[in-house]
1. If I ask for residues that are closer than 18 Å to A147 by Cβ and open to solvent by less than 70 Å² (accessible area, probe 1.4 Å), which ones from region 109-127 would you list?
2. For region 139-148, check the following and say yes or no: at least one residue is among the polar types (S, T, N, Q), open to solvent by 20 Å² or more (accessible area, probe 1.4 Å) and over 30 Å from K18 (Cα atoms).
3. For region 95-117, enumerate the residues that are within 15 Å of V153 (Cβ to Cβ), without any contact (Cβ under 8 Å) to a residue 24 or more places away in the chain and either touching a Lys or Arg at 6+ places or on another chain (Cβ under 6 Å) or among the charged types (D, E, K, R) (or both).
4. Look through V127, V134, V123 and report the one residue that is touching a Ser or Thr at 6+ places or on another chain (Cβ under 8 Å) and not small (G, A, S).
5. Any residue in region 45-60 that is in a strand (DSSP E or B) and within 18 Å of A148 (Cβ to Cβ)?
6. List the pairs whose first member sits in region 161-181 and is over 14 Å from R151 (Cα atoms) and at pLDDT 90 or above, whose second member is open to solvent by less than 100 Å² (accessible area, probe 1.4 Å) and among the acidic types (D, E), and whose Cβ atoms are under 6 Å apart, counting only residues at least 6 apart or on separate chains?
7. Could you check how many residues of region 142-171 are farther than 21 Å from N104 by Cβ and in contact with a helix residue (DSSP H, G or I) (Cβ under 8 Å, 6 or more places away or on another chain)?
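The values are calculated or read from the model by the stated rules, or taken from the named source; none is laboratory data. The structure displayed is predicted, hence computed values, not measured ones. As a convention, Cβ positions derive from the backbone with ideal geometry for all residues, glycine included, and neighbour counts pool all protein chains shown. Heavy atoms of the whole protein, side chains included, go into the accessibility calculation; ligands, DNA and RNA do not. Shrake-Rupley method; radii C 1.70, N 1.55, O 1.52, S 1.80 Å.
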Amino acid sequence: MSRVGKQPVSLPDNVQVKIAKRQVSVSGPKGTLNFEHHPQVTVKLDQEAKVLLVTRRDDSKFSRSLHGLTRALLANMVTGVTKGFERVVLIEGIGYGAVLQGRNLVLNVGFARPATLQIPDGVQLEVPSAQRIVFSGPDKQIVNDFAAQVRLVRPADPYHQKGMRYEGEVIRRKVGKAFATGPV
């Protein structure tokens, strides 16, 4: 039995779950998320205990992997519609910064022209300072995917410590080339 998959997903009072065939819909104060699970697993709602239970058809390796994955995705959906997810990207470098213009994020990160990225639906952006971008939303995958796209515009440089990195990410400093001195 999967250690992750056999654990029930507890549902807070402000979360409603609807299951229709293979379609699971979770709605709460932050929004509504939909998920279609694989036919190898079954999702059941226990109304009295207020939990979601995930079971699998057989003990094949593929079914076991889907068992834990489905349970983890459902738990992330419940967390997303109640608390939401947040990711922070920090910008380091002289003259580097970010500006929010409507539904576009404009990044000045050392290129000849500023990079402009359109903000996808389901992601809220805050730019409290020019060096800090806060991504938030109910869907963990969309929030982290857009944060990764933004970070890829100018990833952190291990030689000069310039670029964009996640909050809490440690970029190990590399030493540049050492030139030999002495008689030739």
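1. V109, A115, L117, I119, P120, G122, V123, L125, V127, listed by residue number.
2. No.
3. Once the filter is applied, which keeps residues that are within 15 Å of V153 (Cβ to Cβ), without any contact (Cβ under 8 Å) to a residue 24 or more places away in the chain and either touching a Lys or Arg at 6+ places or on another chain (Cβ under 6 Å) or among the charged types (D, E, K, R) (or both), region 95-117 yields only R113.
4. Within the list V127, V134, V123, the selection yields V123.
5. So far as region 45-60 goes, no, none of its residues is in a strand (DSSP E or B) and within 18 Å of A148 (Cβ to Cβ).
6. Every condition considered, no pair remains.
7. Going through region 142-171 one residue at a time, the tally reaches 2.
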